[in-house]
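Student: Quick one: structure below, then a few questions.
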Amino acid sequence: MKRALSLYLKGAGMGAADAVPGVSGGTIAFVTGIYEELIHTIKCFGPEAVGVWREGGLPRLYEFLNIGFLVPLMLGILTSLITVAHVVTWLMDAYPLLLNAFFFGLVLASAFVVARRLTHWHVAHLVPLVLGGILAWYLPNLLPAGNSSGWMLFFAGAIAISAMLLPGVSGSFLLLTMGMYGTVMSGIKGFDLILIVKFALGCLVGLFTFSRLLSWLFRHHHAMTLQLLIGFILGSLPTLWPWKTLTAYRLSDKGEKIPLDHQLLMPEHYSALTGEPSHLAMSLVLMVIGMGLVILLGERNAPSSAETTTR
């Protein structure tokens, strides 16, 4: 019961993070010590599960699919998307600078927490580290601007859920880049079942394919995969920098501005250029709070044996 409650709360944290453009639920999963178990669990949903069911019945299938882990986690994610996400998206509209400051500290400390889980270091690991940073920085510019058609919703779901599995890569931000963030969030809040089903089907395809790739990477190249994830986390930091101005954008089919590039500024330059307060003191406090929470969670959630067990 205690583990189920813990998983529910971790899922709620993942759901709240996934609602914010620039933050990844995968980051929360990694910091709270459930990331690899989550990847390996999702990977088990496939044709092999049918064979397990035929051989051992429902009890064996329940164990194979790690249902005791997945159900409370998913309930937490869904609860957060329906409830907490409303608050988070309101904060994003009302206090974007301060919210970005908090998440900047959270994500920055996440890179430190992941790095501490490396058991050894090799110069060759610089390649996936740099590659992860470059991909996280340039990926939004490579995605097409879309509309609310069925295929685009499906494609957006597959891309977003795959990104959410990566610490540091925000599925919500990629949706924003594709011009789909407002459409999807409005559909979820308004319980638009047709939209939700199209988007969910894309998510399922993305989950069952990308999770297998990540699971294979963790099994065969664990240290290099961790370095790749650290690169993704560090590459996402400019997106969350509080003091920035929009320098490039494109218009969605609804006429909404889709951000493509920002100019990063120092707090004093931000105030001089925009005429808005930098909220420097409060931003620094929120950065420290975000970093402190992540480091505390990282210390309390050291990787368990379940994370490295071959499923």
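Student: Only helices (runs of 4 or more DSSP H) wholly contained in the stretch 1-114 count here; list those with 2 or more residues that are more than 13 Å from the chain's Cα centre (by Cα).
Tutor: Numbers: elements: 2-18, 25-31, 35-43, 47-64, 67-82, 84-94.
Correct list: 2-18, 35-43, 47-64, 67-82, 84-94.
Student: Also, quick follow-up: Would you call ALA156 modelled with pLDDT of 75 or more and either open to solvent by less than 30 Å² (accessible area, probe 1.4 Å) or under 19 Å from SER80 (Cβ atoms) (or both)?
Tutor: Answer is yes for this residue.
Student: Hey, another quick one. Within the set of pairs 6+ apart or on separate chains, which have a first residue in the stretch 187-198 that is of a type outside the set (Lys, Arg), a second that is part of a loop (DSSP other than H, G, I, E, B) and open to solvent by 50 Å² or more (accessible area, probe 1.4 Å), and C-beta atoms under 8 Å apart?
Tutor: LEU195/SER148
Student: Of the residues in the stretch 223-243, how many are over 17 Å from ALA29 (Cα atoms) and among the β-branched types (Val, Ile, Thr)?
Tutor: Here the count works out to 1.
Student: Among ILE233, ILE194, ILE188, which is the only one that is at pLDDT 80 or above and within 17 Å of ALA17 (Cβ to Cβ)?
Tutor: Testing whether each residue is at pLDDT 80 or above and within 17 Å of ALA17 (Cβ to Cβ) leaves just ILE233.
Student: Under the condition of being among the aliphatic types (A, V, I, L, M) and within 15 Å of ALA124 (Cβ to Cβ), which residue from the stretch 218-233 is nearest to the chain's Cα centre (by Cα)?
Tutor: Going through the qualifying residues, I end up with ILE230.
Student: Something else: What's the number of the condition GLY146 fails, among (1) open to solvent by 50 Å² or more (accessible area, probe 1.4 Å); (2) modelled with pLDDT under 75?
Tutor: (1)
Student: Go through the stretch 107-118 residue by residue and tally those that are crowded, with 17+ Cβ neighbours inside 10 Å and either more than 21 Å from VAL130 (Cα to Cα) or charged (D, E, K, R) (or both).
Tutor: Qualifying residue count, the stretch 107-118: 1.
Student: Given the conditions (1) in contact (Cβ under 8 Å) with a residue 40 or more places away in the chain; (2) under 29 Å from THR225 (Cβ atoms); (3) surrounded by fewer than 22 Cβ atoms within 10 Å (Cβ to Cβ), report the number of the one that HIS86 does not fulfil.
Tutor: Here HIS86 clears every test but (2).
Student: Then there's this: Which pairs turn up if I take residues in the stretch 264-282 that are within 15 Å of LEU99 (Cα to Cα) and look for partners that are in a helix (DSSP H, G or I) and open to solvent by 80 Å² or more (accessible area, probe 1.4 Å) with beta carbon separation below 6 Å, at least 6 apart in sequence or on another chain?
Tutor: Qualifying pairs under 6 Å: none.
Student: Residues to consider are PHE69, PHE64; find the one that is at pLDDT 90 or above and touching an Asp or Glu at 6+ places or on another chain (Cβ under 8 Å).
Tutor: Of PHE69, PHE64, the one residue that is at pLDDT 90 or above and touching an Asp or Glu at 6+ places or on another chain (Cβ under 8 Å) is PHE69.
Student: Quick check on this structure: which one of GLY202, GLY182 is part of a helix (DSSP H, G or I), over 30 Å from HIS125 (Cβ atoms) and within 17 Å of the chain's Cα centre (by Cα)?
Tutor: Of the residues listed, the single one that is part of a helix (DSSP H, G or I), over 30 Å from HIS125 (Cβ atoms) and within 17 Å of the chain's Cα centre (by Cα) is GLY202.
The values are calculated or read from the model by the stated rules, or taken from the named source; none is laboratory data. Predicted model only: the values in this text are computed from it and were never measured. Note that each Cβ is placed from the backbone with ideal geometry, even for glycine, and that neighbours are counted across all protein chains shown. With ligands, DNA and RNA removed, areas are computed over all heavy atoms of the protein, side chains included. Shrake-Rupley method; radii C 1.70, N 1.55, O 1.52, S 1.80 Å.
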